[in-house]
Amino acid sequence: MSESKSYPRNPGFASFLPAIALALISVVALGTAQMRPSDKAGDQVAVIFGPGTSLAEAIARIGGADGMVVRAGAFSNIVVAVGSAPDFIDRVREKGAWLVVDPRGLGGCFVESGTVKTVQKP
């Protein structure tokens, strides 16, 4: 005679943990890939400095890394910039940037309507 196995009727939250973990890992991996900046010279990147960095200070740091500001973000520590050298990302990190990402990955760096500015390198 064969024995029948009984399974619990309500498996509970724990049975969904592998699916939830896989979904979270997928979202993080896709988000990371989407925010990876281009390393080609002349491509725009979003440069994020530490909180409290003024726009003037951010612009000076971008200029010190031989870059040019394209526009400011919604916060003073976020600037979209472009560099002519292939090592611009490394240079701007040496000037204190916390993150350098693709600006399209951050929704245009939270640009508020009417705040798009073009700033020339000093």
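Every read-out reported here was derived from the displayed coordinates using simple, explicitly stated rules and does not represent laboratory data. Bear in mind that the values here come from a model prediction, so they are computed numbers and not experimental data. Here the Cβ is made from the backbone with ideal geometry for all residues, glycine too, and neighbour counts use every protein chain on show.
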Fill in: Net lengthening on full extension, Leu99/Ala60 (0.36 nm per residue, minus Cα-Cα)
12.4 nm
Worksheet, complete the sentence: The residues Arg104, Arg71, sorted from fewest to most surrounding Cβ atoms within 10 Å, come out as Arg104, Arg71
Worksheet item: For the residues Phe75, Phe16, what sequence is obtained by ranking on other C-beta atoms within 10 Å, fewest first?
Response: Phe16, Phe75
